[in-house]
């Protein structure tokens, strides 16, 4: 488990763990939802699993960057994801909005602090994709 978001490696590890948690949540949300909502949650879970793989690969490819300058200004408690257990489709939707809000904030705030080009660009893309998810969920 990551205790502080103060290095490149810690940030990428945290992001991969966050995406794994999201994928797990969306599997639960899909089970209590029907129709379009269930399909949307399934899609989001699949995309979170794909993001996790990409983040893990980025961390492995940029292993030499892990020991570079420390990163500051990121408080892990600002981004920690609760582990909701939705019982209804309405609960699943409300929790998904909360989770995606935290994820979007993380990517938007952590991305500019990373001094490696590819992961910084990926975080910007993930922040944008998450903002689009939020719009879908709120709409």
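The values are calculated or read from the model by the stated rules, or taken from the named source; none is laboratory data. What you see is a predicted model, and the numbers here were worked out from it, not measured in a lab. Glycine also receives a Cβ, built like all others from the backbone with ideal geometry; neighbour counts cover every protein chain displayed.
Say we look at the stretch 77-91 and pick out the residues that are in contact with a helix residue (DSSP H, G or I) (Cβ under 7 Å, 6 or more places away or on another chain) and under 12 Å from residue 14 (Cα atoms); which of these is modelled with the highest pLDDT?
My answer is 79.
Keeping to the stretch 16-39, report how many residues are touching a helix residue (DSSP H, G or I) at 6+ places or on another chain (Cβ under 7 Å) and either within 16 Å of residue 104 (Cα to Cα) or in a helix (DSSP H, G or I) (or both).
13
Would you confirm whether or not the stretch 58-68 contains a residue that is loosely packed, with under 13 Cβ neighbours inside 10 Å, closer than 20 Å to residue 125 by Cα and either at pLDDT 90 or above or out of contact with any strand residue (DSSP E or B) (no Cβ under 9 Å at 6 or more places or on another chain) (or both)?
There is at least one residue in the stretch 58-68 that is loosely packed, with under 13 Cβ neighbours inside 10 Å, closer than 20 Å to residue 125 by Cα and either at pLDDT 90 or above or out of contact with any strand residue (DSSP E or B) (no Cβ under 9 Å at 6 or more places or on another chain) (or both).
Do we find that residue 108 is in a helix (DSSP H, G or I) and at pLDDT 90 or above in this structure?
Against the criterion (in a helix (DSSP H, G or I) and at pLDDT 90 or above), residue 108 qualifies.
So which residues in the stretch 94-136 are crowded, with 19+ Cβ neighbours inside 10 Å and closer than 16 Å to residue 45 by Cβ, if there are any at all?
Selection gives 95, 96, 99, 100, 103, 126, 130, 133.
Are there any pairs, at least 6 apart or on different chains, whose C-beta atoms fall under 7 Å, with the first in the stretch 112-139 and free of Cβ contacts under 8 Å to residues at least 12 places away in the same chain and the second crowded, with 17+ Cβ neighbours inside 10 Å and part of a helix (DSSP H, G or I), and if so, which?
Correct list of pairs: 120/111.
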